[in-house]
Amino acid sequence: MNTVNTDTGKNLQTDEEELRISQRRAEMRRIKREKERRKKRNLIISSCIAWSLVIILAAALIIVVRAKSVGSGGGDAKDGGKTAKAADSVPLKKSKGDSAEDLKMFEENETQETGGESEAVPQPKNEFASFYYYEEDKQDRYEAYQELNPEMDPGDVVWRVNAYLDKPWYEYDVPVDTYDDPLMIVNKYYTVPDGYRPPDLVSIDGYEMRKETGDAYLELKAAAKAAGKRIRAVSAYRSVDYQKGLYNRYLSSDSKENVDRYSARPGHSEHHTGMAIDLFGSTDGLRNFINTPEGPWVREHCWEYGFIIRYTADIEGITGYEDEPWHIRYVGKEVSMDMKEKGIESFEEYHVKYIEHSPDEK
Ligand SMILES: [Zn+2]
């Protein structure tokens with residue numbers, strides 16, 4: 001009985017234990033399942049984070065690659081402006097797709113469009129820069145002068161601006177820096193200082209002029225004589241002081257506007273160079289000169305002896321002086337004949353194109 005009882009008791013005990021054990025096992029299984037669920041959830045979360053990072057990195061990589069390919073597509077530094085322009089349009093065109101093929105196609109399109117663009121809308125800078133006498137630092141002035149003179153040939157714009165013709169007469173003094181140069185230019189921009197006196201002045205016919213000018217003048221005079229003409233010098237070198245007196249004398253009986261058309265302001269007279277001569281013909285008077293047989297003869301032949309008629313009606317807009325058939329300027333035979341051959345009438349134009357610059361530059 002006892003045993004049974006004991007056994008029964010034992011059995012009861014065992015049953016309770018078994019129940020506890022099974023409960024504990026169930027509990028452990030539940031905990032295990034819970035742990036696995038948590039593990040799974042964590043795994044999902046961390047993989048989500050990892051993928052997000054991968055996607056962000058990939059996007060960043062695409063942006064960098066695209067930026068690099070656009071930056072290197074434009075070529076050398078000269079194309080900087082155009083490349084920047086093309087780069088501005090990247091987001092619009094590139095939004096279709098990101099594949100390497102798309103990128104390649106885009107680059108090809110970009111190259112074609114950039115080329116086409118430069119043909120369709122020529123840059124004003126290139127228009128001026130194609131002339132060998134173009135000066136880069138004057139670009140803004142070329143553009144402004146072209147805007148004021150839309151019909152003017154760009155080549156004319158360039159030499160005229162180089163000759164300061166975009167500036168008002170007498171309001172923009174440029175000191176002559178080559179005083180003794182036989183090809184020096186003096187006009188309503190280029191000026192010599194007070195007290196300037198050219199070297200090697202000689203006296204011919206009672207007037208001072210530079211030696212080479214004097215020799216050429218004597219040749220011209222002899223040729224005129226041989227053709228039955230009679231010319232004589234009535235003015236050559238003048239000092240700045242002398243010009244002051246002359247100009248002021250004219251001003252006492254005429255308006256400044258008028259005087260400026262026939263008399264130079266002191267410092268601006270070509271007579272300061274000792275290479276300009278005023279002529280009388282067989283009858284006296286400067287204004288009468290063209291009506292004497294000598295006037296037309298000098299106009300036709302002076303270039304053969306190294307002289308040019310410096311002021312003619314055609315170029316009054318350039319020189320600022322009315323027609324002066326009596327005023328000749330010595331430039332040397334080489335230059336006078338070259339001007340004749342090239343059909344260049346103003347020394348201003350010739351000076352820019354063949355003295356300050358040379359076609360050999362380009
Ligand atoms: Zn003169």
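No value in this document is a laboratory result; all are computed from the given coordinates. Quick caveat: nothing in here was measured; it's all calculated off a predicted structure. For neighbour counting, all protein chains shown are included, and Cβ atoms are generated from backbone atoms with ideal geometry for every residue, glycine included.
Which pairs, out of LYS256/LYS340; LYS229/LYS333; LYS167/LYS256, put more than 25 Å between their alpha-carbon atoms?
Numbers: LYS256/LYS340 33 Å; LYS229/LYS333 21 Å; LYS167/LYS256 19 Å.
Flagged as over cut-off: LYS256/LYS340.
Amide H contacts for SER235 (H built 1.01 Å from N in the peptide plane; partners 5 or more residues away or on another chain; cut-off under 5 Å): ASP278.
Within segment 123-162, all pairs of alpha-carbon atoms sorted by distance into 5 Å bins from zero give the percentages 6, 30, 43, 19, 2. Volume per residue of the convex hull around the Cα atoms, evaluated for segment 149-293, comes out as 161 Å³. Measuring nothing but how far apart in sequence close Cα pairs (under 8 Å, 6+ apart) lie, relative to its length, segment 168-361 scores a relative contact order of 20 percent. A crude spin-label estimate for the pair ILE21 and ALA222, with each label 7 Å from Cα along the Cβ direction, gives 14.8 nm.
Each Cα pair under 8 Å and six or more residues apart adds its sequence gap; the mean of these over the residue count of segment 152-219 is a relative contact order of 20 percent.
For segment 256-272, putting each phi into the Karplus relation 6.51 cos²θ - 1.76 cosθ + 1.60 with θ = phi - 60° gives couplings of 4, 4, 5, 4, 4, 7, 10, 9, 7, 6, x, x, 10, 7, 5, 5, 5 Hz, in residue order, rounded to whole numbers and with x for Gly and Pro. For segment 168-361, the residue among TYR305, MET184, ALA227 whose Cα projects farthest onto the positive side of the dipole built from Cβ charges is ALA227.
Mind ordering 154-162, 126-134 by average Cβ neighbours within 10 Å, highest first?
On the way: 154-162: 21.1, 126-134: 17.2.
Going from most to least packed, we get 154-162, 126-134.
Counting every other Cβ atom within 10 Å of each residue's Cβ, GLU270, GLU136 order from fewest to most as GLU136, GLU270. Peptides 197-205, 217-225, 249-257 ranked from most to least packed, by the mean per-residue count of other Cβ atoms within 10 Å: 217-225, 197-205, 249-257.
Using the count of nearby Cβ atoms within 10 Å as a rough guide to exposure, how do HIS272, HIS327 rank from fewest to most?
HIS327, HIS272
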